[in-house]
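Below: one structure, written as structure tokens.
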Amino acid sequence: MKQRKSGFSMFRISFLSVAFLAFLGLTAGNAFALTNDDCLGCHGDVVDETVFKSTVHGGNGCVSCHKEAAAAKDEHTLPLTPVNCGGCHEKVAAVHAKSAHGKAIKGGDQQAPRCYDCHSKHAIFRPTDKRSTTYPLNIPATCGRCHQEGSPMTTSHHLNKKNITDNYTMSIHGKALYREGLIVTATCSSCHTNHDVQKASVPSSSVNRNNIIATCTKCHAGIGEKFMKSVHSPLVTKTDKKLPVCNDCHSDHTISQVDKKDFRLIIARQCGNCHGHYSETYLETYHGRASMLKGGEKLAKCSDCHGAHDIMPANSPESRINKANIVKTCSKCHAKANDSFATYLPHATHSKADKARYPYLFYTFWAMTGLLIGTFAFFGLHTLLWLPRSFKERFKASKEKK
Amino acid sequence: MTRTSKLYVERFTPYQRFLHLLIIVSFLTLALTGMALKFAMEGWAQQVADFAGGFAVLGSLHRFCAVITFLYFSLTLKLLVKMWKDSGKTLLGFILDPEGLVPNLNDAKEMAATFKWFFGGPRPHYGHWTYWEKFDFMAVFWGIAVIGSTGVALWFPEQFSMVFPGYWLNIATIIHSDEALLAAGFIFTIHFYNTHLRPEKFPLDPVIFVGSITVDELKHERPREYEQLVASGELEKLATKRAPEAWQLRSATIFGLSMVSIGSCIIIAIIISMARYIMRH
């Protein structure tokens with residue numbers, strides 16, 4: 001083994017020189033760098049050091065975000081430009097810049113949310129941390145700071161949807177979050193995304209008509225499968241007319257539990273938005289009429305006979321109202337339903353529009369109406385003619401008494 | 001001359017008055033609960049349902065009163081059979097009795113005479129039953145047959161459809177609903193006017209509650225009956241000195257006016273609701 005020489009060999013000298021120069025070079029920019037202690041000397045009242053140290057940025061120096069302040073020896077110039085998170089969070093910043101929020105910032109909207117409006121400034125925690133403003137339980141409040149009636153934003157901006165967080169809180173998703181404590185339920189960002197928030201009218205928006213099904217079925221995967229096989233699916237029905245997407249029936253922020261009164265009472269209206277004639281005729285029959293009275297949620301609604309996500313055309317053997325299945329469908333409520341019972345017409349009316357299909361209803365109605373008109377016409381006339389006679393009789397009687 | 005010194009004739013027996021009481025209570029309840037369903041889109045109907053505790057309660061009340069209706073229908077039939085037996089006539093003779101409840105040729109003549117009276121002719125000599133009273137009775141009779149049979153069909157739709165086609169339930173709904181409009185409309189306007197609200201009787205004729213009228217009234221209103229009773233000598237037998245007690249008259253007035261008021265409110269609600277329905281369509 002070769003023995004080491006003492007003293008400075010050329011190699012060692014050159015190595016140390018390089019290392020020293022490298023050290024100088026690396027630290028050159030920070031020759032007069034501020035430490036966090038320097039900053040907290042003045043800003044101790046703004047930032048709680050112990051909290052800051054536990055945040056995701058706890059290991060960072062103040063000046064790694066507040067870059068302009070780095071050059072200051074003593075007091076830095078004012079004002080500092082807002083922190084640019086995009087320096088490190090490049091991809092997210094690019095997404096945000098293209099979002100409705102980002103575009104508003106670009107457009108000079110002073111109130112448009114920047115990173116720290118949602119994430120806070122010095123208390124940024126992971127979304128899984130309960131202290132985070134983006135922890136599921138805290139998201140509605142975070143978004144609600146702007147998107148709830150009474151906020152400065154709602155007075156200065158025209159926001160299409162009103163009372164969003166209040167409605168959300170009363171919705172099935174909100175109840176799951178707040179009442180049941182389920183953090184897997186949908187919060188604002190589950191549907192609207194976190195950084196790529198777009199107006200529903202924007203084609204790429206997660207809540208655009210064309211993307212709603214994909215957005216909802218991220219969680220409601222089983223429903224998505226059923227729905228895509230149903231008559232309402234764009235894969236099944238080729239039409240120029242609008243096919244329904246999730247929120248057409250379920251609404252958005254007010255979405256409620258489908259077996260609860262709130263939802264059952266609006267089903268006929270929701271279906272009626274497209275199937276107006278059927279909704280109207282339903283409301284003319286016993287099921288629909290009684291539905292309007294207290295306790296009416298119990299009566300058959302569109303989906304009780306037709307199904308919901310798996311509605312099939314009536315001629316499909318899988319349809320609930322197909323001849324093969326209709327008795328079974330009726331017997332959900334009418335235990336003794338039979339083939340003849342199922343010929344009851346749950347949408348038929350005596351209207352002129354239905355005359356060709358159901359003449360016996362049309363003529364029954366008009367025969368009855370004729371009877372009514374005849375009876376009231378005769379006795380109405382009888383009464384009218386009687387009235388002056390009757391007055392005379394009364395005067396005569398009262399005179400006789402005197 | 002004081003009330004008590006007058007002679008009174010019994011027109012309705014206590015049993016007949018009881019039957020009419022059953023009709024009043026059940027008919028008003030049937031009309032209110034049924035019309036609340038027929039006009040369920042109206043605010044008043046929803047308030048009725050809220051007050052009752054829901055549509056299911058209205059349905060139960062409706063069916064309960066339907067049972068009362070069938071009860072008084074059969075009791076009336078039984079009463080008619082008894083009256084027939086007591087009369088000692090043949091069945092045909094009883095049905096065609098000129099003074100019975102079935103309209104006959106004389107009623108047609110009397111109706112024509114009445115129209116003449118409206119235009120200044122002499123007042124017809126009415127008998128025990130006038131033609132409009134006969135119509136009231138017969139209308140309820142066939143009304144119950146129509147509304148009762150369709151009502152039972154709608155009450156037991158599964159059983160009904162075992163015998164008849166299921167779509168007949170649609171027809172039954174129309175008939176039941178329109179016959180109800182006819183019945184409620186007729187009772188709450190024509191019957192109320194003919195019997196209680198016409199100026200000679202206004203605001204109430206308490207005879208259906210207290211049972212008797214004075215011989216003077218009988219002589220004036222039903223001269224033919226009066227003459228018949230005088231001729232047969234039955235008047236002395238029938239006329240008792242007992243006048244209805246003051247409390248009887250007072251309760252009859254309070255109860256009767258309440259029922260007439262409720263009926264009037266229902267018919268006003270029906271008319272407004274129908275007008276709104278027609279305007280929407």
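Bear in mind that the values in this text are calculations on the coordinates, not laboratory data. In this text, all values refer to a predicted model and were calculated from it rather than measured experimentally. No Cβ is skipped: glycine too gets one built from the backbone with ideal geometry, and neighbour counts run over all protein chains shown.
Would you kindly derive the ³J(HN,Hα) couplings of segment B:260-273 from the backbone phi angles with the Karplus curve 6.51 cos²θ - 1.76 cosθ + 1.60 (θ = phi - 60°), listing them in order in whole Hz, with x for Gly and Pro?
Result, ordered by residue: 4, 5, 4, x, 5, 4, 4, 5, 5, 4, 5, 5, 5, 5 Hz.
If you take every residue apart from A:Val83 with its C-beta less than 9 Å away from the C-beta of A:Val83, what net charge results, scoring Lys and Arg +1 and Asp and Glu -1?
Numbers: positive: A:Lys67, A:Arg114, A:Lys121; negative: none.
Summing Lys and Arg as +1 and Asp and Glu as -1 gives +3.
Scan around A:Val231 for amide H atoms under 5 Å from its own, H built in the peptide plane at 1.01 Å from N, and keep only partners 5 or more places away or cross-chain.
Result for A:Val231 returns A:Ile311, A:Met312.
Using just the Cα positions, wrap segment B:83-147 in a convex hull and report its mean projected area in square nanometres, one decimal place. Write down the numbers at each step before the final one.
On the way: hull surface 21.5 nm².
Averaging across all directions leaves 5.4 nm² for the Cα convex hull.
Could you give the size of the charge dipole of segment B:158-265 about its Cα centre, using +1 on the Cβ of each K and R and -1 on the Cβ of each D and E, expressed in debye and rounded to the nearest 20? Please report the intermediate quantities before stating the final value.
Working: 9 positive and 13 negative charges, 61 e Å.
Using only the charged Cβ atoms, the result is roughly 300 debye.
Once you average over the residues of B:52-58, how many Cβ atoms of partner chains fall within 10 Å of each Cβ? Display every interim value, and only then the final one.
Details: counts 3, 2, 6, 10, 7, 3, 4.
The mean count of partner-chain Cβ atoms within 10 Å per residue comes to 5.
Once the other residues with Cβ under 10 Å from the Cβ of A:Ser351 are scored (Lys, Arg +1; Asp, Glu -1), what is the net sum?
Details: positive: A:Lys352, A:Lys355; negative: A:Glu280, A:Glu284, A:Asp354.
Once positives and negatives cancel, what remains is -1.
For B:Lys6, give me every one of the lysines with a C-alpha distance below 29 angstrom, ignoring sequence neighbours fewer than eight places off in its own chain.
A:Lys392, A:Lys396, A:Lys399, A:Lys401, A:Lys402, B:Lys134, B:Lys201, B:Lys219, B:Lys237, B:Lys241
If you average the C-alpha positions of segment A:353-379 and of segment B:136-155 separately, how far apart do those two centres end up, in angstrom?
Measuring centre to centre over Cα atoms gives 18 Å.
Between B:Ile272 and A:Lys352, what is the label-to-label distance in nm when each label sits 7 Å out along the Cα-to-Cβ direction?
About 2.9 nm separates the two model spin labels.
If you count, for each residue, the other Cβ atoms within 10 Å and average over each peptide, how do B:210-217, B:16-23 line up from highest to lowest?
With the highest mean Cβ count within 10 Å placed first, the list reads B:210-217, B:16-23.
Output the direction-averaged projected area (hull surface divided by four) of the convex hull of the alpha-carbon atoms of segment A:257-347, in nm². Let's see the in-between values first.
Working: hull surface 23.5 nm².
Its average projected convex-hull area is 5.9 nm².
If I model segment B:167-233 as equal point scatterers sitting on the Cα atoms and use the Debye formula, what is log10 I(q)/I(0) at q = 0.13, 0.17, 0.19, 0.22 Å⁻¹?
For the requested q values the scattering log ratios are -0.59, -0.76, -0.84, -0.96.
Report the full-extension gain for the segment A:Thr155 to A:Thr343: residue separation times 0.36 nm, less the Cα-Cα distance, to one decimal in nm.
Details: separation 188, 0.36 × 188 = 67.68 nm, distance 5.67 nm.
Gain in length upon complete extension: 62.0 nm.
Shape call for chain A from the C-alpha gyration tensor, a ≥ b ≥ c root eigenvalues: rounded (a/c under 1.5), prolate (a/b greater than b/c) or oblate?
prolate
So which residue, out of B:Ala49, B:Ala252, B:Ala108, gets the largest mean-square fluctuation from a GNM of chain B using Cα contacts under 10 Å as springs?
Between B:Ala49, B:Ala252, B:Ala108, it is B:Ala108 that shows the largest mean-square fluctuation.
Taking the Cβ-Cβ separation of B:Asp50 and A:Ser398 as r and a Förster radius of 41 Å, what is the calculated FRET efficiency to the nearest 0.05? Mind dumping the intermediate values first?
On the way: r = 46 Å, r/R0 = 1.12.
It comes to 0.35.
May I ask you to work out the translational diffusion coefficient for segment B:1-73 at 4 °C, viscosity 1.567 mPa s, via Stokes-Einstein with Rh from the Kirkwood sum over Cα pairs, reported in whole µm²/s?
Numbers: Rh = 14.4 Å.
D, rounded to a whole number, is 90 µm²/s.
Based on the Kirkwood radius over alpha-carbon pairs, what is the Stokes-Einstein translational diffusion coefficient of segment B:50-194 at 20 °C with 1.002 mPa s viscosity, in µm²/s? The partial results should precede the final answer.
Details: Rh = 18.2 Å.
Rounded, D is 118 µm²/s.
Which entries in A:Lys199/A:Lys294; A:Lys73/A:Lys130; A:Lys241/A:Lys336; A:Lys91/A:Lys130 show an alpha-carbon gap greater than 32 Å?
Numbers: A:Lys199/A:Lys294 38 Å; A:Lys73/A:Lys130 38 Å; A:Lys241/A:Lys336 39 Å; A:Lys91/A:Lys130 25 Å.
Cα-Cα > 32 Å for A:Lys199/A:Lys294; A:Lys73/A:Lys130; A:Lys241/A:Lys336; rest within.
With no solvent and one equal point scatterer placed on each C-alpha of the protein assembly as shown, evaluate the Debye formula and give log10 I(q)/I(0) for q = 0.05, 0.10, 0.12 Å⁻¹, two decimals.
Listed by q, the Debye log ratios stand at -0.48, -1.05, -1.30.
Taking every residue in B:40-49, how many Cβ atoms of other protein chains lie within 10 Å of its Cβ, on average? Working shown, then result.
Values: counts 9, 5, 1, 0, 0, 3, 4, 2, 2, 6.
Average per residue, whole number: 3.
Using Cα pairs under 8 angstrom and six or more residues apart, how large is the relative contact order of chain B, in percent? List each step's numbers first, then the result.
On the way: 244 pairs, mean separation 86.1, N = 281.
That works out to 31 percent.
Mean separation of Cα pairs under 8 Å and 6+ residues apart, divided by the residue count of chain A: what relative contact order is that in percent? Each step should come with its number before you reach the end.
Working: 356 pairs, mean separation 29.3, N = 402.
RCO, chain A: 7 percent.
Stretch A:Thr50-A:Lys199 to full length: gain in nm at 0.36 nm per residue minus the Cα-Cα span? Don't jump to the answer; show the numbers that get you there.
Values: separation 149, 0.36 × 149 = 53.64 nm, distance 3.94 nm.
So the chain would gain 49.7 nm between A:Thr50 and A:Lys199.
How crowded by other chains is A:176-187, given as the mean number of beta carbons from other chains within 10 Å of each beta carbon?
On the way: counts 0, 0, 0, 0, 0, 0, 0, 0, 0, 0, 0, 0.
For this peptide, the per-residue mean of nearby foreign Cβ atoms is 0.
Ordered by residue, what ³J(HN,Hα) values in Hz, to whole numbers, does segment A:88-97 give under the Karplus form 6.51 cos²θ - 1.76 cosθ + 1.60, where θ = phi - 60° and Gly and Pro are x?
These are the phi-based 3J(HN,Hα) values: 9, 8, 4, 5, 4, 4, 5, 5, 4, 4 Hz.
Where is the GNM fluctuation largest for chain A (alpha-carbon springs, 10 angstrom cutoff): A:Cys271, A:Cys42, A:Cys65?
Greatest mean-square fluctuation among the candidates belongs to A:Cys42.
Show me, for segment B:71-77, the HN-Hα J-couplings you get by feeding each phi into the Karplus relation (A = 6.51, B = -1.76, C = 1.60, θ = phi - 60°), rounded to Hz, glycine and proline as x.
Per-residue couplings from phi come out as 5, 5, 5, 6, 5, 5, 4 Hz.
Mean 1/r over all different Cα pairs, inverted: what Kirkwood radius does segment B:3-280 give, in Å?
Values: mean 1/r = 0.0475 Å⁻¹.
With all distinct Cα pairs of segment B:3-280 included, I get 21.0 Å.
Using the Cα atoms of segment A:354-394 to build a convex hull, what is its mean projected area in square nanometres?
3.1
Tell me what the protein assembly as shown gives for mean residue ellipticity at 222 nm when only DSSP H runs of n ≥ 4 count, each as -39,500 (n - 2.57), the sum divided by the residue total, rounded to 500 deg cm²/dmol.
Numbers: 35 runs with 386 residues, N = 683.
So the helix-based figure for the protein assembly as shown works out to -17000 deg cm²/dmol.
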